[in-house]
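The values are calculated or read from the model by the stated rules, or taken from the named source; none is laboratory data. Note that the coordinates shown come from a computational prediction; the quantities given were computed from them, not determined experimentally. No Cβ is skipped: glycine too gets one built from the backbone with ideal geometry, and neighbour counts run over all protein chains shown.
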């Protein structure tokens, strides 16, 4: 059986996208040479998808480069040439999985007031963080945190850093009034992320104090936002422009 990277070169690979529809890669130039950037990028996404599945299903220690290569139908040489090591592949897979959830949230923020936007992105991030795949991602990050002596790279943020940056970008759209300038926006963005995402997630998964239902989550986030906004009136400003 041909390796996937060989079949990419021959133009036979069909890959399921995140939307569930199949996409056939274009055939490689018959004259030979390196694969196009499009083919190389799609192959990289495929490898990261499979690697993430393997790491979550088997754990970091149970997954191997050989097993990942077999599951992805590529050679180990391809994995090492692209990522260098199992640890580097693990980090790349985690960041890839996190971006899968955060990218569409950042790209589809509705118009409206600052509160409306914050409630929208917070709800989307909370829902994404409660999915089975996201919980699997968190288990990988926890493994890295428990093996710091073995891992020299910085621990992935599991979306927190990107989520906080997204909230801060919304806050920065508000007019530059004196009240807004009185706040440390990075600190405020982190506070809002914890209040609107981290805390309800903990209440749902660990403390079992909040039901994982649309109504319960919407009510919790609205009450939390109303409480916060009492001390920060600028959060009522419209930032739809």
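Data overview
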{"quantity": "Residue match in the stretch 183-200 (condition: at pLDDT below 85 and either exposed (fewer than 15 other Cβ atoms within 10 Å of the Cβ) or touching a strand residue (DSSP E or B) at 6+ places or on another chain (Cβ under 7 Å) (or both))", "calculated": "yes"}
{"quantity": "Residue in the stretch 121-142 that is buried (at least 17 other Cβ atoms within 10 Å of the Cβ), modelled with pLDDT of 85 or more and at positive phi present", "calculated": "no"}
{"quantity": "Condition check for residue 190: within 20 Å of the chain's Cα centre (by Cα) and within 21 Å of residue 163 (Cα to Cα)", "calculated": "yes"}
{"quantity": "Residues of the stretch 205-221 that turn out to be at pLDDT 95 or above and assigned to a helix (DSSP H, G or I), as a count", "calculated": "8"}
{"quantity": "Answer residue from the stretch 172-182, given it is surrounded by 10 or more Cβ atoms within 10 Å (Cβ to Cβ) and not in a helix (DSSP H, G or I) and is modelled with the lowest pLDDT among those", "calculated": "177"}
{"quantity": "Boolean, residue 87 is more than 12 Å from the chain's Cα centre (by Cα), part of a helix (DSSP H, G or I) and surrounded by 15 or more Cβ atoms within 10 Å (Cβ to Cβ)", "calculated": "yes"}
{"quantity": "Residue 57 vs. criteria crowded, with 17+ Cβ neighbours inside 10 Å and at pLDDT 50 or above", "calculated": "no"}
{"quantity": "Condition check for residue 227: in contact with a helix residue (DSSP H, G or I) (Cβ under 6 Å, 6 or more places away or on another chain) and either assigned to a helix (DSSP H, G or I) or modelled with pLDDT of 90 or more (or both)", "calculated": "no"}
